[in-house]
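Just below is one structure, and these are the notes that go with it.
The values are calculated or read from the model by the stated rules, or taken from the named source; none is laboratory data. Keep in mind that this is a model prediction, so the values were computed, not measured. In this analysis, Cβ positions are derived from the backbone assuming ideal geometry, glycine residues included, and neighbour counts consider all displayed protein chains. Ligands, DNA and RNA are excluded from the accessible area calculation, which covers all protein heavy atoms including side chains. Shrake-Rupley method; radii C 1.70, N 1.55, O 1.52, S 1.80 Å.
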Amino acid sequence: MRVVTLGSGRSGTGKTFVAANLGVALARRGLRTCLVDLDLSSADLHLLVGVFRPVRGLLDLLRGGAATLEEVMLPVGNSGLLHLIPGAGETVRGLDSEEVNGLIEDIAALPVDIAIVDLTSGVAQHTLDLFATGNPAWVVASADPASVRDALRYLRLSRLRRTARGSVSLAPRQPKVYTSLDDLVHDMNAIRLADGGSARSFQPAVVLNRCGADLEPSADELMKLLEEEAGAAEQVPLVAQVPEDPSVERALASLIPVLEYSPGCAAARAIDELADKITGDALAETTDVSGKIHEPILG
């Protein structure tokens, strides 16, 4: 299965809006999708998909009332393809390393094709650790210089944290007992190679939200200016621009995903393009050199 993580350098960028609508778009493509609300400071993803009073959620897991995330996963709508793990309400606590590792394991074990993880805004260590598990991992920024600078900082810190943490794959619960030095050396070399490949494959990018036609400077000019400001060594990969769209405000006011409220509007089309990118990348990963597609699509 694939995990998509969405972070942001500050609140108010539209990260949760992107998460909710991306989930709807992927479920429409026939993919079993779960929205995971890990925003510990302002958990409201459930509202954007029409779930007003979730019975259970992340807080049950954190308090020991549930053993796994799957236990608190709720169906959304009637398709049977979209699910939700509601957030932790008004809790402001952080997560320790054991809880972060447990969440990474639980997310990877969800019985879905794609999990979309909506993270707390900001650059707390546990947030960056969770963000670094995404493939893809996207920072959502609004189209203004201050927000994009925050996104640039988020990218830089997430890369540093990923390097410090190493591979996101977790050690087995039961330690392995070695009876041969050759076996130990073999496993150490395998782990070293896996870590190197994992670090190289981590390529977080930016989703620029609320891009207006009259934006000064333009979105492309803004990204170029900030790349120059950061220096040649630091690129700002821009994966999508979601335009300013009056349909979005009306959809949010109605607590309906914009893909359902106005599926043909410009913002909905941009989200659909993001969903196509995820689906296309996943299909490419499951196609061998002969061109044969393996099942399941997102295994």
>> Criterion first (without any contact (Cβ under 8 Å) to a residue 24 or more places away in the chain and either touching an Asp or Glu at 6+ places or on another chain (Cβ under 6 Å) or open to solvent by 50 Å² or more (accessible area, probe 1.4 Å) (or both)) does Pro75 satisfy it?
In response: yes
> Just checking, which of Arg156, Arg173 is of a type in the set (D, E, K, R), open to solvent by 80 Å² or more (accessible area, probe 1.4 Å) and at pLDDT 60 or above?
Replying inline: Arg156
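For residues that are out of contact with any helix residue (DSSP H, G or I) (no Cβ under 6 Å at 6 or more places or on another chain) and open to solvent by 40 Å² or more (accessible area, probe 1.4 Å), scanning just the stretch 38-58, find the one that is farthest from Ser8 (Cα to Cα). Give the derivation first.
Start the filter on the stretch 38-58 by keeping residues that are out of contact with any helix residue (DSSP H, G or I) (no Cβ under 6 Å at 6 or more places or on another chain), which leaves 38-44, 46-47, 50-53, 55, 58.
Still in the running and open to solvent by 40 Å² or more (accessible area, probe 1.4 Å): 41-42, 44, 47, 52-53, 55.
Details: Ser41: 13, Ser42: 13, Asp44: 15, Leu47: 19, Phe52: 24, Arg53: 26, Val55: 28 Å.
Per the stated criteria, the residue is Val55.
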> Counting only residues that are over 19 Å from the mean Cα position of the chain (by Cα), at pLDDT below 95 and not in a loop (DSSP other than H, G, I, E, B), which one in the stretch 267-299 is nearest to Arg2 (Cα to Cα)?
Replying inline: Ala284
> What tally of residues in the stretch 199-219 results from selecting those that are modelled with pLDDT of 70 or more and surrounded by fewer than 16 Cβ atoms within 10 Å (Cβ to Cβ)?
Replying inline: 3
> If Glu70 passes every condition in (1) open to solvent by less than 50 Å² (accessible area, probe 1.4 Å); (2) part of a helix (DSSP H, G or I); (3) acidic (Asp, Glu) but one, which one does it miss?
Replying inline: (1)
> Going through the stretch 114-129 one residue at a time, which ones are touching a Leu at 6+ places or on another chain (Cβ under 6 Å) and farther than 13 Å from Arg156 by Cα?
Replying inline: Ile114, Ile116, Val117, Asp118, Leu119, Thr120, His126, Thr127
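Which residues, taken from the stretch 123-153, are hydrophobic (A, V, I, L, M, F, W, C), farther than 18 Å from Thr16 by Cβ and surrounded by fewer than 19 Cβ atoms within 10 Å (Cβ to Cβ)? Break it down stepwise before answering.
Going residue by residue through the stretch 123-153, those that are hydrophobic (A, V, I, L, M, F, W, C) are 123-124, 128, 130-132, 137-141, 143, 146, 148, 151-152.
So of that shortlist, the ones also farther than 18 Å from Thr16 by Cβ come out as 128, 132, 146, 148, 152.
Matches in the stretch 123-153: Ala146 only.
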> Would a scan of the stretch 6-20 turn up a residue that is open to solvent by less than 10 Å² (accessible area, probe 1.4 Å), in a strand (DSSP E or B), in contact (Cβ under 8 Å) with a residue 12 or more places away in the chain and under 13 Å from Ile116 (Cα atoms)?
Replying inline: yes
>> Residue under question is Ile104, and the condition is that it be in contact (Cβ under 8 Å) with a residue 12 or more places away in the chain and open to solvent by less than 10 Å² (accessible area, probe 1.4 Å); does it hold?
In response: no
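Looking at Leu61, Leu110, can you tell me which residue is out of contact with any Pro (no Cβ under 8 Å at 6 or more places or on another chain) and open to solvent by 20 Å² or more (accessible area, probe 1.4 Å)? Lay out the reasoning, then the answer.
Details: Leu110 fails: open to solvent by 20 Å² or more (accessible area, probe 1.4 Å).
Unique residue meeting the criteria: Leu61.
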> Restricted to the stretch 224-258, and to residues that are at pLDDT below 70 and open to solvent by less than 60 Å² (accessible area, probe 1.4 Å), which residue is farthest from Leu45 (Cα to Cα)?
Replying inline: Gly231
> What is the number of the single condition among (1) more than 18 Å from Pro257 (Cα to Cα); (2) open to solvent by 10 Å² or more (accessible area, probe 1.4 Å); (3) modelled with pLDDT under 90; (4) in contact with a helix residue (DSSP H, G or I) (Cβ under 8 Å, 6 or more places away or on another chain) that Ala88 does not meet?
Replying inline: (2)
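Do we find that Leu35 is outside any loop (DSSP other than H, G, I, E, B), open to solvent by less than 40 Å² (accessible area, probe 1.4 Å), under 25 Å from Val239 (Cα atoms) and among the hydrophobic types (A, V, I, L, M, F, W, C) in this structure?
On the way: outside any loop (DSSP other than H, G, I, E, B): yes; open to solvent by less than 40 Å² (accessible area, probe 1.4 Å): yes; under 25 Å from Val239 (Cα atoms): yes; among the hydrophobic types (A, V, I, L, M, F, W, C): yes.
Yes: the conditions hold for Leu35.
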